1. Tell me yes or no: at least one residue of the range 173-185 is in a helix (DSSP H, G or I), at pLDDT below 80 and either open to solvent by less than 20 Å² (accessible area, probe 1.4 Å) or touching a His at 6+ places or on another chain (Cβ under 6 Å) (or both).
2. Name every residue in the range 138-165 that is within 14 Å of Leu184 (Cβ to Cβ) and either among the hydroxyl-bearing types (Ser, Thr, Tyr) or in contact with an Asp or Glu (Cβ under 8 Å, 6 or more places away or on another chain) (or both), in order of residue number.
3. Scan the range 199-225 and report the pairs whose first residue is over 14 Å from Ala61 (Cα atoms) and whose second residue is of a type in the set (Ser, Thr, Tyr) and modelled with pLDDT under 85, with Cβ atoms within less than 7 Å and a gap of 6+ or a chain change.
4. Out of all the residues in the range 1-39, which are without any contact (Cβ under 8 Å) to a residue 60 or more places away in the chain, in a helix (DSSP H, G or I) and either among the charged types (D, E, K, R) or exposed (fewer than 14 other Cβ atoms within 10 Å of the Cβ) (or both)?
5. With the requirement that a residue be closer than 18 Å to Ala125 by Cα and of a type in the set (Gly, Ala, Ser), what does the range 1-28 give you?
6. Filter the range 53-70 down to residues that are in contact with a Ser or Thr (Cβ under 8 Å, 6 or more places away or on another chain) and not in a loop (DSSP other than H, G, I, E, B) and give me whichever is least open to solvent (accessible area, probe 1.4 Å).
7. So Ala42 ticks every box in (1) over 11 Å from Leu129 (Cβ atoms); (2) touching a residue at least 60 places away in the same chain (Cβ under 8 Å); (3) touching a strand residue (DSSP E or B) at 6+ places or on another chain (Cβ under 8 Å) but one. Which box is left unticked?
Amino acid sequence: MTIDELVAAACTGSMRAAGRLLTMVEDDRRDEVLAALDPVPARVVGVTGPPGAGKSTTVGALVAAYRERGLRVAVLAVDPSSPYSGGALLGDRIRMAAHVNDPEVLIRSLAARGHLGGLSAAVPAAIRLCAALGYDVVLLESVGVGQSEIEIAAVADPTVVILNPGGGDAIQAAKAGLLEVADLLVVNKADRDGADRTVRDLKAETDVPILRLVASTGGGGRRAGRRDRTAPARRQQGATGRPGPIPDPVAGPVAAADAAGTRRPGRLGRGREQRPVQRRRAAARPGLAEPALTRAPG
């Protein structure tokens, strides 16, 4: 099949065709695939954080939330490559097994292949492909990152940073990098001891929204120190027997913070002018040869 035929088949729901196109994007036919695509706005939600924070499990929970809203979801999960063999486990999909048989969910693992910054060099092209194939939202998961691997902020908006309870030292290490590019902070495994202290530590370092989450059970999603904004929807469902509006699990808290004027740097930004998203993206490490990504409305 030609690339145009593969694109047409993938647009009608062929996962096999979409997989072949993504393989071409990772290999030496990337430019040919991109030339066959129409420019389509891409809505990209980036999920990053240190190893073991629960990024893949959180992405699985986000997929379920977006599917409840009737959205088609593409997941691009970047796995680290071995510095010795060059191979990658590509095991992020294991934690998203509940969505494997959903025809409206595309899950693709990408090997980092030695690319620094937490992503793969093929990520921007893969995002353009997923948008052109009609996926409403692209969930981009980085490898487990450290302080300076913030490349995800160059291609995703918003950027969600996942942290674990009891990571006081980790918060100190991340504050000069990860916390500065975060649009939303999520304390995962919030049922464990130390979650309250972690939230307090984060509030002392930044003013971005903070959510508590137990991704393994789908629980949480509550804004730390705020009223549960999903309560009106639950009350409406109880009163009418019909489900109320399903809030966006990511854009909702970020938009609320923007509207209230509270999403601004805390101690990290004192003495510095607040950087809007576009400037913050430019400040991220420019390691990707990024094709033009058009920000989707909303």
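The values are calculated or read from the model by the stated rules, or taken from the named source; none is laboratory data. It should be emphasised that the depicted structure is a prediction, and the values quoted were computed from it without experimental measurement. Cβ coordinates were reconstructed from backbone atoms using ideal geometry, including for glycine residues, and neighbour counts include every protein chain displayed. Protein only, heavy atoms only, side chains kept; ligands, DNA and RNA dropped before computing areas. Shrake-Rupley method; radii C 1.70, N 1.55, O 1.52, S 1.80 Å.
1. So far as the range 173-185 goes, yes, one or more of its residues are in a helix (DSSP H, G or I), at pLDDT below 80 and either open to solvent by less than 20 Å² (accessible area, probe 1.4 Å) or touching a His at 6+ places or on another chain (Cβ under 6 Å) (or both).
2. Asp157, Pro158, Thr159, Val160
3. Cβ pairs passing all conditions: Asp207/Thr262.
4. Those that are without any contact (Cβ under 8 Å) to a residue 60 or more places away in the chain, in a helix (DSSP H, G or I) and either among the charged types (D, E, K, R) or exposed (fewer than 14 other Cβ atoms within 10 Å of the Cβ) (or both): Asp4, Glu5, Arg16, Arg20, Thr23, Asp31, Glu32, Ala35.
5. Once the filter is applied, which keeps residues that are closer than 18 Å to Ala125 by Cα and of a type in the set (Gly, Ala, Ser), the range 1-28 yields Ala8, Ala10, Ala17, Ala18, Gly19.
6. Step by step, filter the range 53-70, then rank; the result is Lys55.
7. With respect to (1) over 11 Å from Leu129 (Cβ atoms); (2) touching a residue at least 60 places away in the same chain (Cβ under 8 Å); (3) touching a strand residue (DSSP E or B) at 6+ places or on another chain (Cβ under 8 Å), Ala42 is out only on (1).
Results for (1) of a type outside the set (A, V, I, L, M); (2) under 28 Å from Val250 (Cα atoms), shown as yes or no for each residue.
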| position | (1), (2) |
| --- | --- |
| Thr2 | yes, no |
| Val7 | no, no |
| Cys11 | yes, yes |
| Ala17 | no, no |
| Arg20 | yes, no |
| Ala36 | no, no |
| Ala42 | no, yes |
